[in-house]
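The values are calculated or read from the model by the stated rules, or taken from the named source; none is laboratory data. No experiment lies behind these values; they were computed from the predicted model shown. Counting neighbours? That spans all protein chains shown, and the Cβs are built from the backbone with ideal geometry, glycine included. Ligands, DNA and RNA are excluded from the accessible area calculation, which covers all protein heavy atoms including side chains. Shrake-Rupley method; radii C 1.70, N 1.55, O 1.52, S 1.80 Å.
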Amino acid sequence: TATVTLTPPAVPTFYFIGVTTGKSSMNHIFPRWAALLAPGVVLAGVDLPLNAPPAMYRAVVQHLRDAPHVRGGLVTTHKLDLFQAAHDLFTRFDAYAALCHEVSCIARRADGLTGHALDPISSGLAWRKFVPPGHFGHTGAQVLCLGSGGAAVATTVYLASLTEAADRPQRVTLVDVNPARLEHARGIHERLNTPIEFEYVLNGAAADNDRRLAALPAGSVVINATGMGKDLPGSPLTDAAVFPPAARVWEFNYRGELHFLRQAQAQAADRQLVIEDGWTYFLHGWTQVLATAFEITLTPELFARLDAAAQPFRSS
């Protein structure tokens, strides 16, 4: 059975569990952030293949639990799979991790590991940056989310938490090539008390996504949560796709080939699109995790300092 072997660190270390961690801007940003948050702590990346064997996830979690000098970890692409493979190795989970069956933050405490799912918080902070209050109330817009992995589900959990009807879409469509991920999302939504109407579409054909895109009302929010453009090549849309007028387009990635983002940018002027890449989500995702792992209060002032420290490396 394939597994992974990690060497116990000699100095305080925070782990970054992803697919291509060596390409992340965080390798340049973390030393600056550590100076503000946890002096002396270094970052170590762990690359695992997509849909890695359970033994790999278990080996990583056991390392974070047992090796000396470990300060915790952040999980990107593998949030759902890691939970499924290694949930018994944790002492406890926060409410979102228990609801969503995913882990984005592994916090090491004296009595073991705590698994946190912080994406509903960080995705909500990023959402509010580019979708104004009351947007759905005065537009009748919908949400089309291409991909239904951890970040996508976290965003829907955030939307379901909104108390003002005008801030919520009436309809959210999730499209994925993996039926298990769609069923996972459905199970979470069924446990939420929300009036949002969810639709789950099993589809891997970009032309079919084009047709769904064309049927959306003006002002709708279109999300690329597939990993395509970063972890996988290409886009979930064809180059013939036409975005709804005044759509708000969110590419969850901030690095990679970003073909979906380029497709939207090519139509931005003609279709009056508002486009957001994944940078703000990236910042909120990391800062929420580090504040939780290091037990630090993340004030707006501290976030602003962390944001400023990261800006020079945005395109790294």
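Note on the range 136-252: enclosed strands (runs of 3 or more DSSP E) holding 1 or more residues that are farther than 25 Å from PRO49 by Cβ and of a type in the set (D, E, K, R) are 171-176, 197-202, 248-251. Evaluated against (1) in contact (Cβ under 8 Å) with a residue 40 or more places away in the chain; (2) open to solvent by 10 Å² or more (accessible area, probe 1.4 Å), GLN263 falls short on exactly one condition, (1). Would you check which residues across the range 57-83 are at pLDDT 95 or above and open to solvent by 30 Å² or more (accessible area, probe 1.4 Å) and list them? Within the range 57-83, ARG58, GLN62, ARG65, ASP66, PRO68, HIS69, ARG71 meet the criteria. Considering only the range 54-75, I want to know if a residue exists there that is hydroxyl-bearing (Ser, Thr, Tyr), in contact with a helix residue (DSSP H, G or I) (Cβ under 8 Å, 6 or more places away or on another chain) and within 17 Å of VAL19 (Cβ to Cβ). Within the range 54-75 (the criterion being hydroxyl-bearing (Ser, Thr, Tyr), in contact with a helix residue (DSSP H, G or I) (Cβ under 8 Å, 6 or more places away or on another chain) and within 17 Å of VAL19 (Cβ to Cβ)), the answer is yes, since at least one residue qualifies. Applying the condition of being assigned to a loop (DSSP other than H, G, I, E, B) and open to solvent by less than 30 Å² (accessible area, probe 1.4 Å) to the range 120-135 and asking which residue is nearest to ARG211 (Cα to Cα) yields VAL131.
The set of residues from the range 128-164 being farther than 19 Å from LEU216 by Cα, hydrophobic (A, V, I, L, M, F, W, C) and in contact with a Ser or Thr (Cβ under 7 Å, 6 or more places away or on another chain) comprises ALA151, ALA154, ALA160.
Could you please give the count of residues in the range 253-292 that are outside any helix (DSSP H, G or I) and of a type in the set (Phe, Trp, Tyr)? Of the residues in the range 253-292, 1 are outside any helix (DSSP H, G or I) and of a type in the set (Phe, Trp, Tyr). Beta carbons closer than 6 Å, at least 6 apart along the sequence or on distinct chains, pair a first residue in the range 6-35 that is closer than 23 Å to ASP307 by Cβ and assigned to a helix (DSSP H, G or I) with a second that is of a type in the set (D, E, K, R) and open to solvent by 30 Å² or more (accessible area, probe 1.4 Å) for THR21/ASP47.
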